[in-house]
Amino acid sequence: MSLAAGPGRGHVAHGQLPGELRLVVDKHVAYIQSLDTRRDELEYHLTEHLRIGGIYWGLTALHLLGHPDALPRDGLLAYVLSCLHDDGGFGAAPGHDAHILYTGYSVQILTMIDGFDALEEKMAGGKHKVATFIANLQQPDGRFAGDQWGETDTRFLFSAFYTLSLLGYMPHQRPSEPPMIDVQAATAYIKACHNSDGGFGVAPGAESHSGQVFTCVGALSVAGELDSYLGEEGKDRLGAWLSERQLASGGLNGRPEKLVDVCYSWWVGSSLAMIDRLHWIDQAKLTTFILQCQDPDQGGIADRPEDMVDVFHTVFGIAGLSLVGYPGIGEVDPA
Amino acid sequence: MQSHGIPRVAATTLDKSEQARNKERKQIIQYQALERDVVDRVKAKDYSDTTFQLTSQLLTQNPEYYTIWNYRRLILQHVFARELAADEEPSEQDSAAAEKANLPPAQHEVLLLIKEDLQFLIPLLKQYPKCYWIWNHRSWLLGTATKHLPAHSAVTLWQAELGLVSKMLGLDSRNFHGWGYRREVVLAIERLSSNGDGEKGSRTGNMVESEFAYTTKMIQSNLSNFSAWHYRSQLIPLLLSSRNADTEIRREFLDAEFELITRALYTDPYDQSLWFYHQYLMATLNPANVQALPVLEPCGRVQHARYLEREIGSVREMLEGAEDCKYIYQALLEYSGRYLEVEAEGGKVEVGEMRGWLRELRGIDPLREGRWRDLERKMGL
Amino acid sequence: MDSLDNTSWDVIITGTGLPQSLLALSLSRSGKQILHIDRNDYYGGDEAALALSEAEQWVKKHGGDASENADSAYSHATISLSDAQEEGAKKLGFSRAYSLALAPHLVYARSNLLPAVVSSRTHSQLEFQAIGSWFTVTAPLDGLPSWSRLTRVPSGREDVFRDDSLDLRSKRSLMKFLRFVASYDEESEQQRMVELKGLPLSVALKQHFGLKSAAAVGPLLALALPTVSEIETTMEFAVPRIARHLRSIGMFGPGFSAVLPKWGGLAEIAQVACRACAVGGGVYVLGQGIKNAIRAEDAEDSKLRLELTGGEEVTARWLVGCPRDLPATISKPIPNQADPAEDIMKSISIVSSPLTSLFPPTAEGGVIPAGAVVWVEVAGSSSPSVRILVHSSESGECPAGQCVLYASLRGDPSYLDTAVQNLLESMGEQPKPEVLWQMQYQHHAEAEQPQNTTSSGHVFTLQPLSTGIVLEDDVLKDVEEAWRKIMGNGAEGFMKFESREGVDEDE
């Protein structure tokens, strides 16, 4: 799977009126299938550290498009398992060091292709091992490091939560066992990242950012604390901040006074959905914006109209369309 | 990483000439050979200078390759441990330099290695200012220096970082890696220069004045710099407590901030960042907002009401000549709603007027119609 | 090449001013046989940059009136040296330490010349420097003859925010005007622009934008740089020019809108363009013009036969130049001089101070600019103001510790020196900076030629640059048209070249 950008670019097809825009499902499927055929490009090799991410994004997009089998299951399974380390962590590609983000992506892929049995076959007690890898990255103050080198980020915390949840190792899923992680310390840390404008930052004191809002709201949601913590007042404030991300073009940005980008269709949109405020933005205009970012000839979606397409923006564009109920796309769980 | 903002002119991969294709093939072979070499050496625990230089080569081509950063740290850890454990006599020249730096020779060696690596990162940071791994590695180097070196030596390293991060923010004033790193740097300097009295994570506040001045400078060169406004908002409570501000000083301070933001809002009422800062100042007065940092301590109900009245009046005046500015109506509605909660009689605001504002707002901002519908219901308009 | 006699060419370009040189650049890799000549013994034509001794020679040649200088855009040139020079207190540097531009220009970041410079791969040989701040110098008040005030022009939102001389409402009004300017050509503002375009700027500001303070008008005029008085400056003139300024800000870095090419301005671009053509095989001869031309002797090969000023005869398929470089016998009579009232008076002054305060950094952490623009009001709002481009020694045009002032005006030439003196006075430096050397001259406007008459047969006439101080966006229009004609229909890739280095690397 290539993470290299291109080859196509997003634009409105010649002679097409905005009202006639439609999602070119077959083209997007073909685009994702073509991504692993670009080994003659240097960029393909320079982006190897993102390979697992690319597979996860591509596969998710295919699931949403209703073509879950468009990539061969056996190949995917073998590839994912070849990224597994003895300590239960996954790297981004075979030979790459284990990291919480790629462990999360790998577990997502295994979930989608029903691969946990194969994991157990390869490594006895595999699920438990993976969960232990994640749990060991938690710091005393509740945060999660990305790997043994200690960088922390709310992205990693969210990754830890959803991964454990998919594996069935979140403490509330196993009430009879001693908890593997300290959920309360983790959510306390998230609350410390909450700003008075309603949004969340990457660390206590950092400015609000849509991507961080998604990870923090997502983590609170997995922990089951979202409603009780935010309350209607908090949801109104966060919803107001998030809804101001939509600009006249219909697209969404990540922070005040920044450019719109298709990937925020997902970060902002799903955060709004989790706090029941998705109707606070214009969903029809968002749909039009996303469709303008697709390459109607070769498939793929770009960050903005006219830019080069890539698989990352392709999946978040499609997930955005799914959120707003675009016909023919599978439903997505906001968290 | 992803193709954020790559314009279409770059999308010419399809029509590469045969010559270009050959060249690319050659580059791929070279890159893969280099990668193989580095991986094999590290797997064989070859932590030599040659391996280290090869990681430099590879990272210069591909700074997103996180595993190689990990290898680089493995090598450095190994070298540091060897230096610090060494009992061989350093050369006379080395000892003299170490003495000058007021460090034992082994620690001086470590310091030099760290400085060299920090230097290696600078052109990479300039070229890839949004690459997480480069910022991480820098942070790791500084953290390692703090661990191995005495405070007087580590703190000079951190102080140099302040200059670097200012330069980076001069190039891109919204880079959130840069702002995050700045917070880290300031915390480290404050902690190290307070002789370790400060607890981990707490602010001694001895840089709060200069940091506050820095936000003023950044705002003056770009009013839309929400990152700077946000940082300012975070510094204010610290600033006031480091000034031992009493009630009167706090009130004066708050008024000066209101004056500043009003001046900015008159200049450009269409800028979101400015309204968020106004909203922040108002939130500091609102005991119901638990995320808000206190400025006036305490702020009673009556005082809260007076501020609301004053600011509603001031914002209402901003309407003249900017009747098409949605943020003004949003602010008026929000502050009026709060005012009616605080002051039941609500002498200064009439429901009829609020309905008018909402009507204007819905006309200007149909994108968020759902939100305005909810607001109408919530406020009983 | 020993003699040009009886040589044959695809293209002869006459004159090495900017338009001709850009054409040479555009043809530099065409494989065409190109002869590029200039009757002057220096490069750059009307845009030349001269050392002091060259300038003195030039003044001798251009001292007469317009009729004595029929083949030149300049006349009435004189040199005046200040007393300071005689006292020897402040010294001029040696002749070669100066590179004085006859026609200095502001090149806005949005100018379409710059992308062409990049795509033609000539940018690596050029150095562009920021023109940072704009200033106004207000006229001395009656009874206070020596008093004049220097004010920096707020040229963006942050400047308006910081400007303490503006009250809240004026800030609002000024920003409202600037926002209108930013979108004046969009559909939403079209109707408004139609209504306002005939109004003087100062009147529109007061009546339609609520800007009551007259002090805000001068700065806006300074950004528009009209050659006429305040009351004659219409919205139609001012708005697009202010917009060009605002839209250019930040394109090349924070806080500035325009650049100047180091080492003598446009002459430097002309030289680099000629060098590129020479590398591609073009032949360069200075001190040769076209004396006479005979139409094609042999209609079949449709070549022009031309007599050069040195007496040699050459043939060419194409002849291109600006009107003053072409002999009357070939295309048409030299166009009549435009109305002399349109002529621009210019002066170049070398000043004994770096005038550092005119060059503040462009932004927090920004660059130190090499250029500044000063708008000097000399005789009230009913008379045109003087525009002064100030270049610091960083521009490479004078030695360190000095700077060069390029003043221009349509009107009474004695105002030029008044303006220079007022500016120096307003700096508040002690002692007052002195003018070490100064020349004055007249720059004739070229009569506008209708586009379809600029070429006849195989002769193509390029429109010379205007007498203004802003490089206009149409500088490449004629050049591209000439290039298209010469290259034949369907030619593609105007000014687009692969890097020569890149080709070498692949081999």
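Seen against the Cα atoms of chain B and their longest principal axis, helix B:272-283 is set at about 70 degrees.
Shown here: segment A:182-335, whose C-alpha atoms stretch 49, 32, 26 Å along the first, second and third principal axes, sorted largest to smallest. Rounded if a/c is under 1.5, else prolate if a/b beats b/c, else oblate: with a ≥ b ≥ c from the C-alpha gyration tensor eigenvalues square-rooted, which is chain B? Taking the square roots of the gyration eigenvalues as a ≥ b ≥ c, chain B is oblate. Pairs spanning more than 18 Å between alpha-carbon atoms, out of B:Lys43/B:Lys130; B:Lys23/B:Lys126; C:Lys32/C:Lys496; C:Lys171/C:Lys206: B:Lys43/B:Lys130; B:Lys23/B:Lys126.
Measuring only protein heavy atoms, the 1.4 Å probe finds B:Leu34 accessible over about 20 Å². In terms of Cα atoms, the Rg and Dmax of chain C work out to 23.7, 76 Å. In summary, the aspartates and glutamates within cross-link reach of A:Lys27, defined as a Cα separation below 12 angstrom excluding same-chain residues under 8 places away, comprise A:Asp295, A:Asp297. The Cα trace of the protein assembly as shown gives Rg and Dmax of 34.6, 108 Å, the first to one decimal, the second as a whole number.
If both residues of a DSSP beta bridge must be in chain C, then about 70% of such bridges are antiparallel.
For C:Phe494, the accessible area of its heavy atoms, probed at 1.4 Å with every protein chain present, is near 30 square angstrom. Across B:Ile249, A:Ile275, the residue with the most accessible area heads the list, and the full order at a 1.4 Å probe is B:Ile249, A:Ile275. Each helix, a run of at least 4 DSSP H residues, gives -39500 (n - 2.57); summed and divided by the residues of chain B, these come to -24000 deg cm²/dmol at 222 nm. Based on the alpha-carbon gyration tensor of segment B:105-206 and its eigenvalue square roots a ≥ b ≥ c, which shape applies: rounded if a/c is under 1.5, prolate if not and a/b is larger than b/c, or oblate? Oblate shape, in that a/c is at least 1.5 and b/c is the bigger or equal ratio.
Between A:Asp40 and A:His172, the modelled label-to-label distance comes to 5.3 nm, taking each label 7 Å out from Cα in the direction of the beta carbon. Accessible surface ranking for B:Arg182, C:Arg410, 1.4 angstrom probe, highest first: C:Arg410, B:Arg182. Only alpha carbons enter this Debye calculation for segment B:219-381, each as an equal point scatterer, and the log10 of I(q)/I(0) it gives at q = 0.17, 0.18, 0.19 Å⁻¹ is -1.10, -1.22, -1.33. The mean accessible area for residues of the protein assembly as shown, using a 1.4 Å probe and ignoring ligands and nucleic acids, is 41 Å² per residue.
Taking a ≥ b ≥ c as the square roots of the eigenvalues of the Cα gyration tensor, chain A is classed as oblate, since a/c reaches at least 1.5 and a/b does not exceed b/c.
Over chain A, DSSP H runs of length four or greater, each weighted -39,500 (n - 2.57), average out per residue to a 222 nm ellipticity of -14500 deg cm²/dmol. Ranking C:Gly493, C:His62, C:Leu114 by how far each Cα lies toward the positive end of the dipole of chain C (charges on Cβ) leaves C:Leu114 at the top. Helix B:301-318 and the longest principal axis of the Cα set of chain B meet at an angle near 90°. Backbone amide hydrogens, once placed in the peptide plane, bring C:Phe460 within less than 5 Å of C:Leu319, C:Val320, C:Gly321, excluding anything fewer than 5 places away on its chain. A convex hull fitted to the Cα coordinates of segment C:156-248 yields 87 cubic angstrom per residue.
Cross-link reach is defined here as a Cα-Cα straight distance under 22 Å, omitting same-chain residues fewer than 8 places apart; for A:Lys191 the lysines meeting it are A:Lys235, B:Lys200. Gyration tensor over the Cα atoms of segment C:347-445: the corresponding equivalent ellipsoid has semi-axes (square roots of 5 times the eigenvalues, largest first) of 23, 15, 14 Å. Computed over chain C, the per-residue total of -39500 (n - 2.57) for DSSP H runs of n ≥ 4 gives a 222 nm mean residue ellipticity of -8000 deg cm²/dmol, rounded to 500.
For C:Tyr43, B:Tyr31, A:Tyr264, the ranking by accessible surface with the largest value first comes to C:Tyr43, A:Tyr264, B:Tyr31, using a 1.4 Å probe. FRET efficiency for the B:Glu89 to C:Phe94 pair, using the beta carbon distance and R₀ = 51 Å, is estimated at 0.30.
Can you tell me which lysines have their Cα less than 26 Å from the Cα of C:Lys60? Leave out same-chain residues fewer than eight positions away. Within the straight-line cut-off, C:Lys60 pairs with C:Lys90, C:Lys91, C:Lys291, C:Lys346.
Note on segment B:32-102: the alpha carbon radius of gyration divided by the globular reference 2.2 N^0.38 Å gives 1.38. B:Thr146 exposes around 50 Å² of accessible area when a 1.4 Å probe is run over every protein chain in place.
The values are calculated or read from the model by the stated rules, or taken from the named source; none is laboratory data. None of these values were measured; they are calculated from a predicted model. All Cβ positions, glycine included, derive from the backbone under ideal geometry; neighbour counts span all protein chains shown. With ligands, DNA and RNA removed, areas are computed over all heavy atoms of the protein, side chains included. Shrake-Rupley method; radii C 1.70, N 1.55, O 1.52, S 1.80 Å.
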